[in-house]
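Bear in mind that the values in this text are calculations on the coordinates, not laboratory data. Every value quoted in this text rests on a predicted model; they were computed, and no experiment measured them. Here Cβ is always computed from backbone atoms with ideal geometry, including for glycine, and neighbour counts include all displayed protein chains.
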Amino acid sequence: MIDFLRGQVAHLENEYVVLDVQGIGYRVFCPNPYAFAAKSQDTITVYTHHHVRDDAILLFGFPTREEQKLFRKLIEVSGIGPRVALGILSGGNPDTVVAAIHQENISFLTKLPGIGKKTAQRMILDLKDKLEGMGGMASLFDPVPAASVAFEDGTPGWPEAREGLKALGYTDPELDRVWNKLKDQVSQDEAVDSVMKKALKLLYAG
C-alpha cells in the first residue's frame, strides 16, 4: 500500500493533483486539489489511500493524517465509496464532520454531497464509537449546517469557503480581491466545496 507521497506539484485539476516524485507523476484525487496551489514550488507530503478495484487502481490524497484516517473510516460504512467519502471531506471541515457524527446531527450530515438520511444514520451507527480522539475540540460545539450560514451578498458558500482559505494561509486582501472576481461566477445554490475550488483556482492563477 502507498501510504504517502513526497514530491512537488506538477499539475492541478478540479478533482486531482499530479505529484512529481523523482520524475514519476502520480495522479492523486483530493477533496480540494487547489489547496496545494500555494505550495506548488515546495516539496510537500500527501497522505494517501491506495484503492484497488477490478477496473482501476486509484490514489486518494490528503494534506493531513487526520483527513486520511477519517476517509478510511468513512469508506468502511455501507453505501459510502471513495468518491462519496471524498465529497464529504470537500463539503465539510473534518472536525465538523466528526462533531456531527458524535452529536448525531443528521440535518448537517444530509447536507454533505451524496449523503441521504439512511446513509447519515449508518454513519452515526457505525462510526460514533470509532472516532474517539478525532476532531480536536469540535465535538464540544454544535456544528453549523452550511445552509444556515448568512452568506455575503446572498451568495451561498463564500464565508465558509473564505474561512477554509484563511486556514490555508491566504490573507484578507487576497481573499477580498478573489471575491470581487468570483461573486459573479457562483450560483445561489452552489455548495461550499465548489465555491472554494473556484476561489483556489483563481488564487492559483494569480
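Roughly what % of Cα-Cα distances in segment 43-82 sit above 13 Å, to the whole percent? More than 13 Å apart: 55 percent of the Cα pairs in segment 43-82.
If packing is taken as the mean number of other Cβ atoms within 10 Å per residue, what is the order of 50-59, 178-187, highest first? Walk me through the intermediate numbers first.
Values: 50-59: 10.3, 178-187: 14.7.
Descending mean neighbour count gives 178-187, 50-59.
Over all Cα pairs of segment 41-110, how is the pair count split among 10 Å bins, expressed in % and running from 0 up to the last occupied bin? P(r) for segment 41-110, in whole percents per bin: 18, 51, 24, 7, 0. Packing, taken as the mean count of other beta carbons within 10 Å per residue, orders the peptides 113-120, 100-107 from highest to lowest as 100-107, 113-120.
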